[in-house]
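Engineer: Can you keep this structure in mind? I'll have questions shortly.
The values are calculated or read from the model by the stated rules, or taken from the named source; none is laboratory data. As the structure is a computational prediction, the values presented were derived from the model and not from experiment. When we count neighbours, we look across all protein chains shown, and the Cβ atoms used for this are built from the backbone with ideal geometry, even at glycine.
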Amino acid sequence: MTTDDVLTTDDVLAPDVDPELTGLRYERHFGAGKASLARMLGTVVEVHSEGAWITAADGKRYLDFGGYGVFILGHRHPRVVEAVRRQLDRHPLGTRVFLEPVAAEAAEALAGVAPGDLDFVHFVNSGAEATEAGLKLARAHGRTALVTTERGFHGKTMGALSVTANRQYQQPFEPLLPDTCQVPYGDAAAMRAALAERVGRACVIVEPVQGEGGVRIPPPGYLKDVADACREFGALLIVDEIQTGLGRLGTWWGCDAEGVVPDILLVGKGLSGGVVPAAAMLARPDVYRPFGRDPILHTSTFGASPLATAAALAAVRTIRDEKIVERAAELGERLLADIRRIVAERAPRLVREVRGRGLLIAVQPAEQRFVGELLLELMDRGILLNHSLNASEVLRFTPPAILTEDEIQLFLTVLDEALAAVAARV
């Protein structure tokens, strides 16, 4: 298996797709910025996906180590696809008037793998919507002072953007939600100080590991210290597991590692099963009460659709049945060690640090100019990855847990070659 493999079936290659025309349509209807970025990457048009692979219109295949954390099960996992196909043939969208059994079953399954007593589920369509629901629920309890962390990323809708700590995204849309402050990530003392100034009126939102912040891993005990401070000062705790949950870190949830049960848990990305967008906000019974008491207080036409919750139900069951969490822990430990070894052997001066937990791994080049060089070299050789939105100096790898041994070896070989090529140039 090589990155030069070419598929020949018409339904996969989509021979009628014109990359240049697609790029022109992007420029006309989505704007010049996206079109310019596409040209820089070679105007690649993706037309097919399966397992760990993306296929472009020209037949070139890319091993997907990106996807922003969505594809823990890979692309088009058969169990998820079959569940969605059955639901599509039966009842894809509900009336929102009657009870709908698939949403109820999916909520039960998700609550069944959630920490503690996070029994109440509010399904939405995206991670940002989950953040909005969490912030609104906190405000219903009078927690209007928001405490977030530097480089924290929680979405780009107005409420979510207020706690996404990046001035580049915030400034054009100010004023955002008032009474919001940032504290250094991983600094429990700074968090305590912020909460001490906002007794009884604060809501904290934090990630167990910062994904878009550059795979920043806090000191051991940090999340528990934050939870303890929230209890001491009467703050509500939202743990954002949109990227880290459902096995990505090698545990069901990032907060499991420290035995933390938040007031509100945000879930997304992997909940889709890599097939239909789905996300959710989970809450403890006493916290959820305002939403539970008034079912039209916070609603969405497409939230909890039968199609999306069929995907979510299949995703949760597949992660459980196929031991994806255990696989992510084992594979993540191996990849982290192998990446560090290859960096040390091939290009130690190019890379400042390799870090990660589970299948959320960062390679931080020593200089900003190396980021683009390495990203483009890997993509040219058929490895797809992401940079981090709140840490442009970091390359982020979020591979699926369903990688085969051949695919692992291919990735390591290509990484070795790419590092050697960039080192020779710079």
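Engineer: One residue is enough: does region 312-331 have a residue meeting the conditions farther than 30 Å from residue 108 by Cβ and surrounded by fewer than 15 Cβ atoms within 10 Å (Cβ to Cβ)?
Structural biologist: The answer is no, given that none of the residues of region 312-331 is farther than 30 Å from residue 108 by Cβ and surrounded by fewer than 15 Cβ atoms within 10 Å (Cβ to Cβ).
Engineer: Pick out, from region 222-283, the strands (runs of 3 or more DSSP E) lying fully within it that include 2 or more residues that are over 19 Å from residue 68 (Cα atoms), touching a Phe, Trp or Tyr at 6+ places or on another chain (Cβ under 8 Å) and at pLDDT 95 or above.
Structural biologist: Ranges flagged: 279-283.
Residue-wise test of (1) out of contact with any Ser or Thr (no Cβ under 8 Å at 6 or more places or on another chain); (2) free of Cβ contacts under 8 Å to residues at least 24 places away in the same chain; (3) under 24 Å from residue 169 (Cα atoms).
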residue: 375; (1), (2), (3): yes, yes, yes
residue: 379; (1), (2), (3): yes, no, no
residue: 396; (1), (2), (3): no, no, yes
residue: 399; (1), (2), (3): yes, no, no
residue: 408; (1), (2), (3): yes, no, no
residue: 416; (1), (2), (3): yes, no, no
residue: 419; (1), (2), (3): yes, no, no
residue: 422; (1), (2), (3): yes, no, no
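Engineer: May I ask you to list the residues in region 108-156 that are assigned to a strand (DSSP E or B) and either free of Cβ contacts under 8 Å to residues at least 40 places away in the same chain or closer than 25 Å to residue 188 by Cβ (or both)?
Structural biologist: The answer is 145, 146, 147, 148, 149.
Engineer: May I pose another question? How many residues, within region 106-118, are closer than 17 Å to residue 278 by Cα and surrounded by 15 or more Cβ atoms within 10 Å (Cβ to Cβ)?
Structural biologist: Total satisfying the criteria: 7.
Engineer: Quick test for you: out of 173, 153, pick the one residue that is surrounded by 15 or more Cβ atoms within 10 Å (Cβ to Cβ) and of a type in the set (A, V, I, L, M, F, W, C).
Structural biologist: The match here is 153.
Engineer: Let me ask something additional. Could you name every one of the strands (runs of 3 or more DSSP E) located completely within region 309-426 that has at least 2 residues being of a type in the set (Lys, Arg), within 26 Å of residue 207 (Cβ to Cβ) and outside the structural domain of residue 249 (by TED's automatic domain parsing)?
Structural biologist: Those strands (runs of 3 or more DSSP E) span 351-357.
Engineer: Residue 102 - would you say it is under 25 Å from the mean Cα position of the chain (by Cα), of a type in the set (A, V, I, L, M), assigned to a helix (DSSP H, G or I) and closer than 30 Å to residue 262 by Cα?
Structural biologist: Here the answer is yes, as residue 102 does meet what is asked.
Engineer: Let me confirm something: among 181, 203, which residue is part of a strand (DSSP E or B), touching a residue at least 40 places away in the same chain (Cβ under 8 Å), under 27 Å from residue 279 (Cβ atoms) and not aliphatic (A, V, I, L, M)?
Structural biologist: When all the criteria are applied, what remains is 203.
Engineer: Further question: Within the group 145, 160, 138, which residue is in contact with a Lys or Arg (Cβ under 6 Å, 6 or more places away or on another chain), crowded, with 19+ Cβ neighbours inside 10 Å and under 14 Å from residue 238 (Cα atoms)?
Structural biologist: Just a single option satisfies the conditions, and that option is 145.
Engineer: Here is a check on your reading of the model: is residue 85 outside the structural domain of residue 398 (by TED's automatic domain parsing), exposed (fewer than 14 other Cβ atoms within 10 Å of the Cβ) and among the basic types (Lys, Arg)?
Structural biologist: Yes: the conditions hold for residue 85.
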